[in-house]
Structure formats: C-alpha cells, structure tokens
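Novice: Let me give you the structure first, and then I'll get to my questions.
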Amino acid sequence: MEQMQEFYDPTAVETKWQEKWAKAKLHSADLQNAKKPYYALVMFPYPSGDKLHVGHWYNFAPADSAARYTRMKGFNVFEPMGFDAFGLPAENYAIKTGVPPAQSTAKNVETMIKQLTRIGTMYDWEKLVNTSDPSYYRWTQWLFLQMYKNNLAYKKMGMVNFCPSCQTVLANEQVWEGKCERCETEVVQKPLEQWYWKITNYAQKLVDNLDQLDWPKKTKVMQQNWIGRKVGIDITYEIEGTTEKIVCFTTRPDTNFGATFIVIAPEHPFAKKVAGGELKSQGGDHASEVSTYAQQAAKKTELDRQAEGRKKTGVFTGFSAVNSLNGKKLPIWVSDFVLAGFGTGAVVGVPGHDVRDFEFATQFGIPVVRVVVASDGDTSPITSAEQVQEKEGKMINSSFLDGLDIREATVRIMDHLEENGWGKRVTTYRLRDWLISRQRYWGAPIPIVYDPEGKAHPIPEKHLPWLLPTDVEFKPTGKSPLTESKEFIARTEKIFGKGWRPEFDTMDTFVCSSFYYLRYLMPNPNPNPNPPSKKDFIDPALEKKWMPVSMYIGGPEHACMHLIYARFVMMALKDFGLVSHEEPFQRLVHQGLITNKGAKMSKSKGNVVSPDSFIDRHGSDVFRMYLMFMGPFTDGGDWSDTGIKGIDRFVQRVWRLFSSSLDEGKKSNKKVDQKDADTERALHRTIKAVTDSLERLHFNTAISSLMEFLNLLEAKGSLTPDIAKTFALLLGPLAPHLADELWEMTGGKGFVVEQSWPTFDPAMTVFDEVTVAIQVNGKLRGEVVVGANAPQEEVLNVAKAHENVQKYIEGKTLKKEIYVPGKLVSLVV
RNA sequence: GCCAUGGUGGCGGAAUUGGUAUACGCACACGCCUUAGGAGCGUGAUCCCGCAAGGGAUUGUGGGUUCGAGUCCCACCCAUGGCACCA
C-alpha cells in the first residue's frame, strides 16, 4: 500500500540523468579512434525563436532512439547536431524587429540547444556547426571557388524565377506548382544575369547511382522524375525556300511517317527571324501574326496557362519543312504548348499518335495519319482523341517499317535517320542548372569581385572568409541589400583597387547545407587557416572512415532540393579529389508527417501542438514514446491529446513494479530470483520482438511488446533482478532517462547506453506446448494443445477426436489432412 | 492523364515467409477502491442473430489461384504524395 503512493517524477529523474550524461561526456564520439563507426544524422533545423514543435520531436526523438539502439549493438555512434542558420526566417525576423540576424540567431541557437537537450538526445555538442558563422561560411565560399575553378560555377543571362514577396530569384527546385516554396507567392519570370552551378553535368550519374542507394523508393522515383532523363533523337528538317533548318527532338521517331506539321516555341530562333521580318515566305508575310503571338505568349503567367487548360493556340509561319523520309511538306507553326526549355524547342507533329498534336491538328485543320494499328486491330482513320495514344502495336503506312512492332521500328528508324545524316540520337534531361544567387542579406556572400570593366574574378582564398557586411538595411527591395554597404565596397577597393566592386548577391542556403555532413567531422578546425587547404576543409582519413552517412533521417519535402544538391556536391568533391565517396547518404529514411485533426500544423491555422505542456506534465520519455507509439515512424500520424495517457500509465506501472519488487527483495532479503519458466520464455520472446521491431524502425511495436511483457510480469506479481535489468536495457533506446534510473535501481554500473544489447536464445522463444487451430474446410472449428514436437499423426488424431470437429467430419470422407507444425490442422471433407 | 504509396473495429494501429485477423493502446461500459476523482485496480467488448451453448459475416469493391488469402494474381473504386501541354 505504501508503494502505491510513490509516483515516478519525470522532471527530477530526467534532469538528474541529463546532468550525469553531460558530466560523463557520454555522447562525445572519438572520431579518430572509432573501430565501428556509425554516422547517425538528422536534417539540421534552422534556429527559430519559437519553441521546438512536435514535428522536431517526431523527427529527432525516434532518430535518437535508433542511434541509441545501434550504440548498444556495439557501434561507435556519432550523432551530431547543428543549425542551418542562414536564410529567410532569421532575415524576416530581423526585418520585423530590427534586431540584426546575427544577434537573434546566436540567441536562438542557445535556447534551441537547451530544448534539444531536454529531448534526451545523444547529440555530440562538441561538433556543433552553425552555417552562419564565418568559420563555417568561409568553407561555403571556398566550395564556390572550387566549383568556379573546375568550371562548375558560371554566370549567365536568362529567364529566372523571381518571388515578388521574398524579392529574390529562386532555383527551379524551389518553385512548387508555380509558387515560392517558402512563402507560396506566385513566382514570375524575369530576365537576369545570375550565378549557376552546373548540376546538369551530373544528371546521368545522379540517376544511375540511385540504384545503389538504400532510400525510399518514393524518393528515388521523385528524383528520377525531376532529373527527367529521356532518350530520343534530334531530327533535322530543311525549310523550303531558305537555307534554314529546324531540329526537332522526339522519343517516338517510329511514328515519323505520320508527321504532318512542325510546331516551334514562340521563343525559338526561327520564330524570331520570321517575326523580325528577316525571312519572308512566298505564301505571304506572317511576320506580324508571329510577333504578336510571341509577345502575348511571353506575357502569359503560369496561372493564365492553367486557366487556358489544354486548348491549343498558334499561328502559321508561312514556311514549310520537308520530311526527308517521304518528301512530304510539313507546315511550320508557332505555339506556346511547345516549351523553349525542353529538347530543342521544336516538335514534329504526329497527330495520329500524340494527343497534344491531335488537338493542335484538329484545331487548325491539319491532316491526321494513322501509322500504328490499334490494339483492337482497327486501321481506320483516327477521328477522336481517345483513339490517339497507342503504346503498343504494329506499324502501317510507314514504308519499310510496316509490320514491325513499334519498339523494333524505333530502333530501325533511328539507325536509318543516323545513316542518312538526318538525325542524331540524344539524351535530354529535364534538370536545369542550379541557380545559386540570391538577392538577400542573410547568406554567404558569393566570393567574386568585378574589375572596372565588369569582368568577374574569384576572390583569392587567402581573403576568406569574405565577411558579410553589417552596415545594411535588411529590407528586401529586389536589389541585393549588400549594395548599400559602404564598408563592403571600401573593403573591395582597398584589396583589389579603385573601381572594383564586390558581387552583391549571397548564396542560396541550400549551398550551405549541401556539405554540412562533412563539416561535422572537422570539430576543431584550425580557426584561421590562411590560405585554407584541402585538409582544413575535410580530413581525408576521417572522410574515408565516416562517410557515407550510415542513416540519414529527415522530411520527404527535401527529395528534390537538399537531397539532390548534396548528392551533386559530393560527386563534384569526389571529382576534385577531396573525398573518396560519390554518395553522401547511404541509407535515407523519411519520418512521417504529424498532423492535428487531419491538417498540417501551422501557425496560421492555429493548430500547432506545443510539446512543452506535455513534457512538463509527463516528461520527455513519455512524450517521445507516445510519438513513437502512434504508428510506424515513416507514416506519421494525427495528434491526440488523450492517447498519451496510455504511455504515462505504462511508465508509472513500470516504476511501481520496479520499486515494489526491488524494495521487497531488499527488505525481506529473500531470494526472489528463482526462475519461472513461463516468464523466462516470455523474456526471450520479448527481447526478440523488441530487437526485430527496432531493426525495422517500428518503434510502435517495440513499445507494445514491452507493454505485453509488463502485463505478464504484473500478473506474476514479482520481478527478479535479472529480468529487471534486461527490462531496463530494452527500454534504453525508447525511454533513456527512465531506463538509466531503473538500471541504477537494479544495481547496474555505468549507463544503459554503454551496455550491450540483450541477446535471446531462439530455443527459448518457442513454447513446449502449442495451441493448434483445427480447420474443417477452411473454417475454424476448434483448437487443441499439443507438444511442440508431437508427430503429425498424433496431432491429426487428436484433432479429429475433438468434440466440435467431430460434428463436422462425422460420416464424411476425409479428402485431405494437413498439419502445419505448431500452427494448425486443416481437414477437407 | 502518368508514376508511387496506401485502404484492417468507434479511434491510432498489430499480423517477416500465405497458416487461429483485430496484438498493444485510446475512447467506451460495468464493477471495486475512495470524502472525492480528470487518480488507481479489475472485467467486458469486431459486427449481426441468440438468455445461453453456439452459429453466421468480416481486412475498400468484384473475380481468381489455394486445403487455407489482410498477405499472391486480374479488374475496378477511393485516399495521400509527386510529376504534368516534357514531344
């Protein structure tokens, strides 16, 4: 009765252990001497002034549980943490409050470290990185210079995505459904000269390497789609009455005998020549129509195009090309359904076998020819869009291709076109080069200066870090805020000479995060390497030993941003001879999304759950276990205020059982460790179940196995010291504070995370006696208890003798008898 | 439209290879303890019929393979995520 009043006090216990862990430097990894390195990484957060939200916990706590389990399995686990500190959140906060981002960031980092510690994670704070610190961004700039040196960084004029709200350009990856990934404002197109990194050089490798990675299939497919590799052929068409040629890209040259027209994008050079009156056709002057159409098309926004739907518009140029295959004339049209940025910006129209071409042809009265037999054998003329798409079939109306399957025909025609010099096989990609310039303040300055003629020069490495000036307004105006800095310009002139100007743009924050996993391995950098050397960037021995990251955990929203940029940068670094691996993240896992009442948590919806009140009341262990218990880690789940009770009860019951049993043992000094076979077997089954669950990151079932075991122990009424110890160890990854407290109560030495993970005896996980189900004609009709190793015949006889079974088999002939050892008997009558 | 993933009680979910579907927990009902309970403990429960013993149905829908299907195959429906006038 006395023990019943004793409650587990999470706050006291958790504080006590967090202090002990810190004092023992329990989470500090010895990078140099580790024998079995295991790099456990989570995507680092940006330092926000708000409290850690449930999403952070849902990402970090289970990741930490996995890392703790791995450590107990005997690995030298390195679990670092840092801050993706440059970027819009800090800058927007500065704009609102006038507090310089450097100041607010430093403060936020401090509070977040405290919050992250409260989770009870094993972060090795000695290796902290902060991307906004000059000791970090000097390497962001150094990386830029390596890219520049190796011709992977270049500046070019072009149409770019511009967010009118953030007042900066964006990379393609950062435009989602035509909107800014950060603020969801409609993005517009602007012609600007900007810096790019040549990610397209690695397009092929980025696709090919996916095969070897242990990543979610979904993510691989997303990257594949994003890179958009397409194998096809460029076919050259001569234009009648001119010396001009048009090259069309197609993946379906097999249908080329069915071509009846050509369409080019409004931005295509030939369209410009027609519009400008440079070329005049015999059939009349179409310059004004083409130029008007091109101007209208240029004005259209993404929204206009969506509103227009698939309705085709276009104008005739007055010119025709010739299909070399059959001498047919192909009128050349201009239409905005053809994209200037894909392929060659020109398409050969085969209306019989492409829906868009069909729509265009019917819109403008262009003939439609069938060159593939329909699946139902139909060879009649095509009259509706439903008849169009044929991905299977044999060729007709196609000269030497007739009768061939479309796949054979594709190869044949490609060979034929290449042999005659009319075409060339090519591979195209959807992926565009990475635009890394940003017209924002809070980022790493691009280490470039311009001479008085405006020519770009890289800043010599000895001048790094090329410091971000502080004498600026933060308010974005579309012009880079750095243009206002007198100090920045003075500094440039002082070093490089009068009339020299610095590059005023800063780098995309995704540049900072594209290599941070390497910087964690350089915890005590030479504070001022001048000039910086390769070895200061990353120690090759450490890189070889620790990379690639063993397990990387973070949200799926980064599939086509950070996760593609980081892979590209690692590949480039390998080519520069700086690292030994091509891929940064061997295994990737996405945590699921945690919602509230089915909706994504957001401040504007006012449905954000703050962990704090729950932690104050139940403690971090209960909170993190509840998040893990909600369902599989990768699925996410919907928040519920009440469900946490179940975990709280579990923790209290564990506590009560431990304190009552262990106290009792002490007081009466009686031996309570005589083994009970049932409990012993249950213990082994529990170890097996928890181990299997943790291997699969199914924390929810690991917890339910422990609950089941606890239910059994409570029913037995006592706890032997051996079982108590193992129970504490099994709880270690899931509820680290409680586990250490229980471990201490059982007289365990050291910390739980330093102990070996419990092992089980497979022989002990099976029962002596098993319950066997009996089915008659597939329906359950009874069960019997037999010895686990009872021979088949004996079990079948017992089964057939079963009273209820008798009712169903009496007087009938047994057609089949099946015994699945230890599971069931199946009788067929 | 295309690709991917998923659909199991009132709810979150469990069920490595086809082998007793609904473990574990929440919520619920009843009981115990209590001055009290937003505490604790115990019992019950997928649904339908039945006082009960028991029977029948059931893993989105419809078929199929099998002694046996949540699991494998085919068709369809729905949900979520991604891509989308990409030639």
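Novice: With (1) open to solvent by 50 Å² or more (accessible area, probe 1.4 Å); (2) outside any helix (DSSP H, G or I) as the list, and A:Gly232 as the residue in question, which single condition is left unmet?
Specialist: Condition not satisfied by A:Gly232: (1).
Novice: Please tell me if A:Phe614 is open to solvent by less than 50 Å² (accessible area, probe 1.4 Å) and at pLDDT 95 or above.
Specialist: Details: open to solvent by less than 50 Å² (accessible area, probe 1.4 Å): yes; at pLDDT 95 or above: no.
Criteria not met by A:Phe614.
Novice: So for the range A:362-376 (the condition being open to solvent by 50 Å² or more (accessible area, probe 1.4 Å) and within 41 Å of the chain's Cα centre (by Cα)), does at least one residue qualify? Walk me through how you get there before you give the answer.
Specialist: At the first step, the residues of the range A:362-376 found to be open to solvent by 50 Å² or more (accessible area, probe 1.4 Å) are A:362-365, A:367, A:375-376.
Next, from what is left, pick out any that are within 41 Å of the chain's Cα centre (by Cα): A:375.
Yes, the range A:362-376 contains a residue that is open to solvent by 50 Å² or more (accessible area, probe 1.4 Å) and within 41 Å of the chain's Cα centre (by Cα).
Novice: Can you tell me which residues in the range A:788-821 are modelled with pLDDT of 80 or more and under 10 Å from A:Val772 (Cα atoms)?
Specialist: Once the filter is applied, which keeps residues that are modelled with pLDDT of 80 or more and under 10 Å from A:Val772 (Cα atoms), the range A:788-821 yields A:Val795, A:Ala799, A:Tyr819, A:Val820, A:Pro821.
Novice: Enumerate the pairs (first residue in the range A:163-180 and near RNA strand B (Cβ under 9 Å from one of its atoms); second residue anywhere and basic (Lys, Arg) and at pLDDT 85 or above) with beta-carbon separation below 8 Å, excluding pairs fewer than 6 apart on the same chain, so at least 6 apart or on different chains.
Specialist: From residues that are near RNA strand B (Cβ under 9 Å from one of its atoms), the pairs are A:Asn172/A:Arg432.
Novice: Only residues that are in a helix (DSSP H, G or I), of a type in the set (D, E, K, R) and within 10 Å of RNA strand B (Cβ to nearest atom): list them for the range A:688-745, please.
Specialist: From the range A:688-745, those in a helix (DSSP H, G or I) are A:688-695, A:699-716, A:721-731, A:736-745; that's our starting set.
Keeping just the survivors that are of a type in the set (D, E, K, R) gives A:688, A:692, A:695, A:708, A:714, A:716, A:722, A:725, A:740-741, A:744.
Within the range A:688-745, A:Lys688, A:Asp692, A:Glu695, A:Glu708, A:Glu714 meet the criteria.
Novice: What number of residues within the range A:110-136 are in a loop (DSSP other than H, G, I, E, B) and either open to solvent by less than 40 Å² (accessible area, probe 1.4 Å) or of a type in the set (A, V, I, L, M, F, W, C) (or both)? First the steps, then the outcome.
Specialist: Let us first name the residues in the range A:110-136 that are in a loop (DSSP other than H, G, I, E, B), namely A:120-124, A:128, A:131-133.
Next, from what is left, pick out any that are either open to solvent by less than 40 Å² (accessible area, probe 1.4 Å) or of a type in the set (A, V, I, L, M, F, W, C) (or both): A:120-124, A:128, A:131-132.
Here the count works out to 8.
Novice: In the range A:577-609, what residues are within 15 Å of RNA strand B (Cβ to nearest atom) and in a loop (DSSP other than H, G, I, E, B)?
Specialist: Residues of the range A:577-609 within 15 Å of RNA strand B (Cβ to nearest atom): A:588-602, A:605, A:609.
Correct list: A:Gln591, A:Gly592, A:Leu593, A:Lys597, A:Gly598, A:Met601, A:Ser602, A:Lys605, A:Val609.
Novice: All but one of (1) buried (at least 17 other Cβ atoms within 10 Å of the Cβ); (2) within 20 Å of A:Leu435 (Cα to Cα); (3) not hydroxyl-bearing (Ser, Thr, Tyr) hold for A:Trp215, so report the exception by its number.
Specialist: With (1) buried (at least 17 other Cβ atoms within 10 Å of the Cβ); (2) within 20 Å of A:Leu435 (Cα to Cα); (3) not hydroxyl-bearing (Ser, Thr, Tyr) applied to A:Trp215, the lone miss is (2).
Novice: Continuing with this model, one more query. Given the conditions (1) away from RNA strand B (no atom under 15 Å from the Cβ); (2) surrounded by 11 or more Cβ atoms within 10 Å (Cβ to Cβ), report the number of the one that A:Ser380 does not fulfil.
Specialist: Against the list (1) away from RNA strand B (no atom under 15 Å from the Cβ); (2) surrounded by 11 or more Cβ atoms within 10 Å (Cβ to Cβ), A:Ser380 comes up short only on (2).
Novice: Continuing with the same structure: If the requirement is being in contact (Cβ under 8 Å) with a residue 60 or more places away in the chain, of a type in the set (A, V, I, L, M, F, W, C), near RNA strand B (Cβ under 10 Å from one of its atoms) and closer than 18 Å to A:Val369 by Cβ, which of these qualifies: A:Val350, A:Val355? Even if it seems obvious, please write down each step before you answer.
Specialist: On the way: A:Val355 fails: in contact (Cβ under 8 Å) with a residue 60 or more places away in the chain.
Going through A:Val350, A:Val355 in turn, the sole match is A:Val350.
Novice: Select from the range A:387-416 the residues that are farther than 13 Å from A:Asn256 by Cα and among the hydrophobic types (A, V, I, L, M, F, W, C) and write down the one among them that is nearest to the chain's Cα centre (by Cα). Write out each step before concluding.
Specialist: Step one: filter the range A:387-416 for residues farther than 13 Å from A:Asn256 by Cα, giving A:387-394, A:403-405, A:407-408, A:415.
From the residues that got through so far, the ones that are among the hydrophobic types (A, V, I, L, M, F, W, C) too are A:388, A:404.
Values: A:Val388: 37, A:Leu404: 42 Å.
Of everything passing the filter in the range A:387-416, A:Val388 is nearest to the chain's Cα centre (by Cα).
Novice: Against the condition closer than 20 Å to A:Pro523 by Cα, open to solvent by less than 10 Å² (accessible area, probe 1.4 Å) and touching a Phe, Trp or Tyr at 6+ places or on another chain (Cβ under 6 Å), how does A:Pro37 come out, does it pass?
Specialist: Values: closer than 20 Å to A:Pro523 by Cα: yes; open to solvent by less than 10 Å² (accessible area, probe 1.4 Å): no; touching a Phe, Trp or Tyr at 6+ places or on another chain (Cβ under 6 Å): yes.
For A:Pro37, the condition - closer than 20 Å to A:Pro523 by Cα, open to solvent by less than 10 Å² (accessible area, probe 1.4 Å) and touching a Phe, Trp or Tyr at 6+ places or on another chain (Cβ under 6 Å) - is not met.
Novice: Go through (1) open to solvent by 40 Å² or more (accessible area, probe 1.4 Å); (2) part of a strand (DSSP E or B) one by one and return the number of the condition A:Asp208 breaks.
Specialist: Among (1) open to solvent by 40 Å² or more (accessible area, probe 1.4 Å); (2) part of a strand (DSSP E or B), A:Asp208 violates only (2).
Novice: Determine which single condition A:Gln223 fails, assuming it passes every other condition in (1) in contact with a helix residue (DSSP H, G or I) (Cβ under 9 Å, 6 or more places away or on another chain); (2) in a helix (DSSP H, G or I); (3) surrounded by fewer than 18 Cβ atoms within 10 Å (Cβ to Cβ).
Specialist: It is condition (3) that A:Gln223 fails.
Novice: Would you pick out the residues in the range A:60-95 that are farther than 24 Å from A:Leu542 by Cα and assigned to a helix (DSSP H, G or I)?
Specialist: As a first pass, look at the range A:60-95 and keep what is farther than 24 Å from A:Leu542 by Cα: A:60-62, A:65, A:85-95.
Passing the criteria: A:Phe60, A:Ala61, A:Pro62, A:Ser65, A:Leu88, A:Pro89, A:Ala90, A:Glu91, A:Asn92, A:Tyr93, A:Ala94, A:Ile95.
Novice: Just to verify a result, which residue in the range A:688-728, among those that are open to solvent by 20 Å² or more (accessible area, probe 1.4 Å) and of a type in the set (A, V, I, L, M, F, W, C), is farthest from A:Met72 (Cα to Cα)?
Specialist: Of everything passing the filter in the range A:688-728, A:Ala715 is farthest from A:Met72 (Cα to Cα).
Novice: Please specify each residue of the range A:364-417 satisfying the condition of being charged (D, E, K, R), modelled with pLDDT under 85 and part of a loop (DSSP other than H, G, I, E, B).
Specialist: A:Asp376, A:Asp378, A:Glu390, A:Lys391, A:Glu392
Novice: Moving on. How do the pairs read when you match residues in the range A:119-130 that are under 23 Å from A:Met625 (Cβ atoms) with residues anywhere that are of a type in the set (Lys, Arg) and part of a helix (DSSP H, G or I), using Cβ under 8 Å and keeping only pairs 6 or more apart or on different chains?
Specialist: Close Cβ pairs satisfying both conditions: A:Ile119/A:Arg624; A:Gly120/A:Arg624; A:Met122/A:Arg68; A:Met122/A:Arg71.
Novice: Also: Which numbered condition trips up A:Thr344, out of (1) near RNA strand B (Cβ under 8 Å from one of its atoms); (2) open to solvent by less than 10 Å² (accessible area, probe 1.4 Å)?
Specialist: Condition not satisfied by A:Thr344: (2).
Novice: May I ask you to list the residues in the range A:271-297 that are within 14 Å of RNA strand B (Cβ to nearest atom) and not polar (S, T, N, Q)? First the steps, then the outcome.
Specialist: Of the residues in the range A:271-297, the ones within 14 Å of RNA strand B (Cβ to nearest atom) are A:271, A:293, A:296-297.
If the condition is that a residue be within 14 Å of RNA strand B (Cβ to nearest atom) and not polar (S, T, N, Q), then A:Ala271, A:Tyr293, A:Ala297 are the ones that fit.
Novice: Scanning the range A:746-785 for residues that are near RNA strand B (Cβ under 10 Å from one of its atoms) and touching a residue at least 60 places away in the same chain (Cβ under 8 Å), which turns out farthest from the chain's Cα centre (by Cα)?
Specialist: In this case the residue turns out to be A:Phe767.
Novice: Under the condition of being near RNA strand B (Cβ under 9 Å from one of its atoms) and in contact with a strand residue (DSSP E or B) (Cβ under 8 Å, 6 or more places away or on another chain), which residue from the range A:610-633 is farthest from A:Asn596 (Cα to Cα)?
Specialist: Ranking the qualifying residues of the range A:610-633, first place goes to A:Gly631.
Novice: Taking A:Leu279, is it in a helix (DSSP H, G or I) and at pLDDT below 90?
Specialist: Values: in a helix (DSSP H, G or I): no; at pLDDT below 90: yes.
No.
Novice: Right, something else. Taking A:Ser320 as the residue in question, decide whether it is loosely packed, with under 13 Cβ neighbours inside 10 Å, among the small types (Gly, Ala, Ser) and away from RNA strand B (no atom under 15 Å from the Cβ). Talk me through it step by step, then tell me what you get.
Specialist: Details: loosely packed, with under 13 Cβ neighbours inside 10 Å: no; among the small types (Gly, Ala, Ser): yes; away from RNA strand B (no atom under 15 Å from the Cβ): yes.
No: the conditions fail for A:Ser320.
Novice: Assuming A:Val338 fulfils every condition listed in (1) at pLDDT below 85; (2) near RNA strand B (Cβ under 8 Å from one of its atoms) apart from one, which condition is it?
Specialist: Going through (1) at pLDDT below 85; (2) near RNA strand B (Cβ under 8 Å from one of its atoms) one by one, A:Val338 breaks only (1).
Novice: Turning to a different aspect of this structure: Quick check on my filter: what residues within the range A:786-829 are open to solvent by 50 Å² or more (accessible area, probe 1.4 Å), hydrophobic (A, V, I, L, M, F, W, C) and either in contact (Cβ under 8 Å) with a residue 40 or more places away in the chain or near RNA strand B (Cβ under 9 Å from one of its atoms) (or both)?
Specialist: Of everything in the range A:786-829, those that are open to solvent by 50 Å² or more (accessible area, probe 1.4 Å), hydrophobic (A, V, I, L, M, F, W, C) and either in contact (Cβ under 8 Å) with a residue 40 or more places away in the chain or near RNA strand B (Cβ under 9 Å from one of its atoms) (or both) turn out to be A:Ile818, A:Val820.
Novice: Note down all Cβ pairs under 8 Å where the first residue falls in the range A:240-255 and is near RNA strand B (Cβ under 7 Å from one of its atoms) and part of a loop (DSSP other than H, G, I, E, B), the second is open to solvent by 20 Å² or more (accessible area, probe 1.4 Å) and among the hydroxyl-bearing types (Ser, Thr, Tyr), and they're at least six residues apart or on different chains.
Specialist: Note: pairs meeting the criteria are A:Arg252/A:Thr410.
The values are calculated or read from the model by the stated rules, or taken from the named source; none is laboratory data. These figures come from a predicted structure and were not determined experimentally. Neighbour counts are summed over all protein chains in view; Cβ atoms, including those assigned to glycine, are modelled from backbone coordinates with ideal geometry. All accessible areas refer to the heavy atoms of the entire protein, side chains included, with ligands and DNA or RNA removed. Shrake-Rupley method; radii C 1.70, N 1.55, O 1.52, S 1.80 Å.
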